[in-house]
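The values are calculated or read from the model by the stated rules, or taken from the named source; none is laboratory data. Computed from a prediction, not measured in an experiment: that's the story for all the values here. Methodologically, a virtual Cβ is constructed for each residue, glycine included, from the backbone with ideal geometry; neighbour enumeration extends over all protein chains shown. Ligands, DNA and RNA are stripped out before the accessible areas are found, and what is left, the full protein with its side chains, is counted by its heavy atoms. Shrake-Rupley method; radii C 1.70, N 1.55, O 1.52, S 1.80 Å.
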Amino acid sequence: MARVSQEHLDARRRQILDGAARCFARNGFHATSMQDILREAGLSAGAVYRYFRSKEELIGAIAGEAFAAIRGAFDDAARTTPPPTPDVLLGRVLRTMLEEQVPGGDRQEFARLIVQVWTESLRDDALAAMMREGYAGMRQAWAKLVDAYRDNGLMTADVPADHVARTMIATAQGFIAQQAIFGDVRVDVLEDGLRALMSMQDPKIS
(Lines give C-alpha, C1' and ligand atoms only; values in the text may rest on other atoms or scores of the structure.)
Protein backbone atom coordinates (compact mmCIF):
# COMPACT_ATOMS: atom_id res chain seq x y z
CA MET A 1 0.00 0.00 0.00
CA ALA A 2 1.44 3.37 -1.05
CA ARG A 3 2.37 5.77 1.75
CA VAL A 4 0.47 9.03 1.91
CA SER A 5 2.80 12.03 1.79
CA GLN A 6 2.92 14.60 4.59
CA GLU A 7 1.99 17.22 2.02
CA HIS A 8 -1.22 15.33 1.26
CA LEU A 9 -2.02 14.93 4.96
CA ASP A 10 -1.45 18.65 5.58
CA ALA A 11 -3.62 19.59 2.61
CA ARG A 12 -6.44 17.33 3.79
CA ARG A 13 -6.25 18.79 7.30
CA ARG A 14 -6.38 22.29 5.81
CA GLN A 15 -9.42 21.30 3.73
CA ILE A 16 -11.25 20.14 6.85
CA LEU A 17 -10.37 23.22 8.91
CA ASP A 18 -11.41 25.58 6.11
CA GLY A 19 -14.73 23.79 5.72
CA ALA A 20 -15.34 23.86 9.47
CA ALA A 21 -14.44 27.55 9.65
CA ARG A 22 -16.98 28.38 6.93
CA CYS A 23 -19.69 26.38 8.69
CA PHE A 24 -19.03 27.85 12.12
CA ALA A 25 -18.91 31.41 10.80
CA ARG A 26 -22.06 30.99 8.69
CA ASN A 27 -24.28 28.98 11.03
CA GLY A 28 -22.76 29.37 14.48
CA PHE A 29 -20.89 26.77 16.48
CA HIS A 30 -23.89 25.09 18.11
CA ALA A 31 -26.05 25.05 14.99
CA THR A 32 -23.29 23.34 13.01
CA SER A 33 -23.17 19.54 13.02
CA MET A 34 -20.32 17.29 12.05
CA GLN A 35 -22.46 16.25 9.06
CA ASP A 36 -22.53 19.90 7.96
CA ILE A 37 -18.75 19.97 8.10
CA LEU A 38 -18.45 16.73 6.13
CA ARG A 39 -20.62 18.18 3.37
CA GLU A 40 -18.80 21.52 3.36
CA ALA A 41 -15.38 19.86 3.16
CA GLY A 42 -16.59 17.30 0.61
CA LEU A 43 -15.11 14.42 2.59
CA SER A 44 -16.29 11.19 4.16
CA ALA A 45 -16.77 10.74 7.88
CA GLY A 46 -13.75 8.45 8.04
CA ALA A 47 -11.53 11.04 6.35
CA VAL A 48 -12.57 13.78 8.77
CA TYR A 49 -12.59 11.72 11.97
CA ARG A 50 -9.06 10.57 11.19
CA TYR A 51 -7.99 14.13 12.03
CA PHE A 52 -10.68 15.49 14.36
CA ARG A 53 -13.07 13.60 16.59
CA SER A 54 -15.43 16.47 17.42
CA LYS A 55 -16.44 20.07 16.77
CA GLU A 56 -14.58 21.01 19.94
CA GLU A 57 -11.33 19.64 18.52
CA LEU A 58 -11.91 21.57 15.31
CA ILE A 59 -12.55 24.88 17.01
CA GLY A 60 -9.53 24.27 19.25
CA ALA A 61 -7.34 23.63 16.22
CA ILE A 62 -8.53 26.81 14.50
CA ALA A 63 -7.85 28.85 17.64
CA GLY A 64 -4.46 27.19 18.09
CA GLU A 65 -3.41 28.07 14.55
CA ALA A 66 -4.35 31.72 15.10
CA PHE A 67 -2.36 31.93 18.34
CA ALA A 68 0.66 30.27 16.74
CA ALA A 69 0.65 32.69 13.80
CA ILE A 70 0.41 35.72 16.08
CA ARG A 71 3.09 34.47 18.45
CA GLY A 72 5.40 33.75 15.52
CA ALA A 73 4.99 37.29 14.17
CA PHE A 74 5.79 38.78 17.59
CA ASP A 75 8.84 36.56 18.06
CA ASP A 76 10.17 37.52 14.63
CA ALA A 77 9.59 41.21 15.40
CA ALA A 78 11.46 40.99 18.70
CA ARG A 79 14.51 39.62 16.86
CA THR A 80 14.51 42.52 14.36
CA THR A 81 16.72 45.56 14.99
CA PRO A 82 15.11 47.98 15.35
CA PRO A 83 11.81 46.16 15.94
CA PRO A 84 8.75 47.27 13.93
CA THR A 85 6.62 49.86 15.72
CA PRO A 86 3.17 48.79 17.04
CA ASP A 87 1.28 50.23 14.06
CA VAL A 88 3.43 48.27 11.63
CA LEU A 89 3.40 45.06 13.65
CA LEU A 90 -0.33 45.00 14.39
CA GLY A 91 -1.04 45.85 10.78
CA ARG A 92 1.17 42.98 9.65
CA VAL A 93 -0.46 40.47 12.01
CA LEU A 94 -4.05 41.49 11.26
CA ARG A 95 -3.42 41.65 7.52
CA THR A 96 -2.07 38.09 7.65
CA MET A 97 -5.00 36.84 9.76
CA LEU A 98 -7.84 38.65 7.99
CA GLU A 99 -6.61 39.12 4.43
CA GLU A 100 -3.82 36.76 3.41
CA GLN A 101 -4.27 33.49 5.30
CA VAL A 102 -7.98 33.41 6.13
CA PRO A 103 -9.42 29.99 7.07
CA GLY A 104 -12.55 29.61 4.97
CA GLY A 105 -11.57 32.48 2.67
CA ASP A 106 -13.90 35.25 3.95
CA ARG A 107 -12.39 37.79 6.36
CA GLN A 108 -15.66 38.95 7.92
CA GLU A 109 -16.82 35.38 8.45
CA PHE A 110 -13.47 34.51 10.02
CA ALA A 111 -13.67 37.55 12.31
CA ARG A 112 -17.14 36.38 13.35
CA LEU A 113 -15.70 32.95 14.03
CA ILE A 114 -13.05 34.47 16.32
CA VAL A 115 -15.78 36.25 18.30
CA GLN A 116 -17.67 32.95 18.54
CA VAL A 117 -14.55 31.28 19.91
CA TRP A 118 -14.34 33.97 22.60
CA THR A 119 -17.99 33.35 23.48
CA GLU A 120 -17.67 29.57 23.44
CA SER A 121 -14.71 29.77 25.84
CA LEU A 122 -17.14 31.07 28.50
CA ARG A 123 -18.83 27.66 28.65
CA ASP A 124 -16.15 25.21 27.43
CA ASP A 125 -13.46 24.66 30.06
CA ALA A 126 -10.99 23.05 27.65
CA LEU A 127 -11.31 25.90 25.16
CA ALA A 128 -11.10 28.43 27.98
CA ALA A 129 -7.83 26.85 29.13
CA MET A 130 -6.46 27.08 25.58
CA MET A 131 -7.54 30.71 25.36
CA ARG A 132 -5.85 31.54 28.68
CA GLU A 133 -2.66 29.83 27.54
CA GLY A 134 -2.74 31.62 24.19
CA TYR A 135 -3.46 34.98 25.82
CA ALA A 136 -0.61 34.48 28.28
CA GLY A 137 1.71 33.62 25.38
CA MET A 138 0.74 36.79 23.51
CA ARG A 139 1.32 38.89 26.63
CA GLN A 140 4.77 37.38 27.02
CA ALA A 141 5.54 37.98 23.35
CA TRP A 142 4.44 41.61 23.56
CA ALA A 143 6.42 42.09 26.78
CA LYS A 144 9.53 40.77 25.01
CA LEU A 145 8.86 43.22 22.21
CA VAL A 146 8.53 46.08 24.70
CA ASP A 147 11.98 45.13 26.03
CA ALA A 148 13.29 45.32 22.46
CA TYR A 149 11.71 48.76 22.02
CA ARG A 150 13.42 49.97 25.18
CA ASP A 151 16.76 48.46 24.22
CA ASN A 152 16.55 50.45 20.97
CA GLY A 153 15.52 53.68 22.71
CA LEU A 154 12.01 53.63 21.24
CA MET A 155 10.00 53.44 24.47
CA THR A 156 10.39 54.75 27.99
CA ALA A 157 10.50 52.41 30.98
CA ASP A 158 7.89 54.14 33.15
CA VAL A 159 5.00 51.80 32.22
CA PRO A 160 5.08 48.05 33.00
CA ALA A 161 5.60 45.95 29.89
CA ASP A 162 2.51 43.85 30.67
CA HIS A 163 0.33 46.98 30.65
CA VAL A 164 1.53 47.77 27.14
CA ALA A 165 0.95 44.15 26.12
CA ARG A 166 -2.64 44.10 27.38
CA THR A 167 -3.41 47.40 25.67
CA MET A 168 -2.11 46.26 22.27
CA ILE A 169 -3.94 42.94 22.52
CA ALA A 170 -7.13 44.84 23.35
CA THR A 171 -6.58 47.03 20.29
CA ALA A 172 -6.34 43.98 18.03
CA GLN A 173 -9.40 42.39 19.66
CA GLY A 174 -11.40 45.56 19.14
CA PHE A 175 -10.42 45.68 15.47
CA ILE A 176 -11.49 42.04 15.01
CA ALA A 177 -14.82 42.78 16.72
CA GLN A 178 -15.42 45.72 14.36
CA GLN A 179 -14.65 43.51 11.38
CA ALA A 180 -17.04 40.85 12.66
CA ILE A 181 -19.92 43.26 13.28
CA PHE A 182 -19.54 45.86 10.55
CA GLY A 183 -17.28 44.30 7.91
CA ASP A 184 -15.13 46.19 5.40
CA VAL A 185 -12.80 47.49 8.12
CA ARG A 186 -9.45 48.10 6.46
CA VAL A 187 -6.21 47.30 8.27
CA ASP A 188 -4.62 50.51 6.99
CA VAL A 189 -7.20 52.48 8.99
CA LEU A 190 -5.91 50.86 12.19
CA GLU A 191 -2.31 51.51 11.14
CA ASP A 192 -3.04 55.18 10.46
CA GLY A 193 -4.89 55.61 13.75
CA LEU A 194 -2.12 54.03 15.79
CA ARG A 195 0.49 56.08 13.97
CA ALA A 196 -1.39 59.29 14.80
CA LEU A 197 -1.73 58.32 18.48
CA MET A 198 1.96 57.45 18.65
CA SER A 199 2.85 60.90 17.31
CA MET A 200 1.13 62.76 20.16
CA GLN A 201 3.30 64.88 22.45
CA ASP A 202 2.54 66.37 25.82
CA PRO A 203 2.41 70.18 25.24
CA LYS A 204 3.86 70.69 28.74
CA ILE A 205 7.01 68.91 27.63
CA SER A 206 9.13 70.82 25.17
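Over the chain, what is the relative contact order in whole percent, taking alpha-carbon pairs under 8 Å and six or more residues apart? Present the calculation step by step, with values, prior to reporting the outcome.
Details: 174 pairs, mean separation 49.5, N = 206.
Relative contact order for the chain comes out at 24 percent.
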Under the rule of -39500 (n - 2.57) per DSSP H run of 4 or more residues, summed and divided by the residues of the chain, what mean residue ellipticity at 222 nm is obtained, to the nearest 500 deg cm²/dmol?
-> -23000 deg cm²/dmol
Using +1 at the Cβ of each Lys and Arg and -1 at the Cβ of each Asp and Glu in the chain, identify which of ALA78, ALA126, HIS163 lies farthest towards the dipole's positive end.
-> ALA126
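Taking the Cβ-Cβ separation of ARG26 and ARG53 as r and a Förster radius of 22 Å, what is the calculated FRET efficiency to the nearest 0.05?
Details: r = 22 Å, r/R0 = 1.01.
Taking R0 as 22 Å, the efficiency between ARG26 and ARG53 is 0.50.
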Charge dipole (debye, nearest 20) of the range 91-206; +1 at Cβ of Lys and Arg, -1 at Cβ of Asp and Glu | 200
Return the long-range amide H neighbours of PHE29 (sequence gap of 5 or more, or a different chain), with a cut-off of under 5 Å between placed amide H atoms.
-> none
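Multiply the residue gap between PHE67 and ARG150 by 0.36 nm, knock off their C-alpha separation, and tell me the result in nm, one decimal place. Can you show the working numbers first?
Numbers: separation 83, 0.36 × 83 = 29.88 nm, distance 2.49 nm.
Gain on stretching PHE67 to ARG150: 27.4 nm.
If R0 is 25 Å, what FRET efficiency do you get for VAL88 and ASP184 from their C-beta distance, rounded to 0.05? Can you show the working numbers first?
Values: r = 22 Å, r/R0 = 0.89.
The formula returns an efficiency of 0.65 here.
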Provide the FRET efficiency to the nearest 0.05 for the GLU99-ALA157 pair, computing r from the beta carbons and using R0 = 41 Å.
-> 0.75
In sequence order, calculated HN-Hα J values of the range 50-56 (Karplus, 6.51, -1.76, 1.60; Hz; x Gly/Pro) | 5, 9, 9, 8, 7, 4, 4
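Which whole-number value in Å² is the accessible area per residue of the chain, probe 1.4 Å?
That works out to 56 Å² per residue.
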Computed ³J(HN,Hα) along the range 154-164: with the Karplus parameters 6.51/-1.76/1.60, θ = phi - 60°, integer Hz and x for glycine or proline, the list is 9, 8, 6, 9, 8, 10, x, 4, 5, 5, 5
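Express the carbon and sulfur contribution to the solvent-accessible surface of the chain as a percent, rounded to the nearest whole number, probe 1.4 angstrom. If you can, show how the numbers build up before the last one.
Working: 6090 of 11520 Å².
Roughly 53 percent, rounded to a whole number.
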Here, ARG132 and GLN201, labelled 7 Å along Cα→Cβ, have an inter-label distance in nm of 4.6
List, in order, the whole-Hz ³J(HN,Hα) value for each residue of the range 168-180 obtained from phi through the Karplus relation with A = 6.51, B = -1.76, C = 1.60 and θ = phi - 60°; use x for Gly and Pro.
-> 5, 5, 4, 4, 5, 4, x, 5, 4, 4, 4, 4, 5
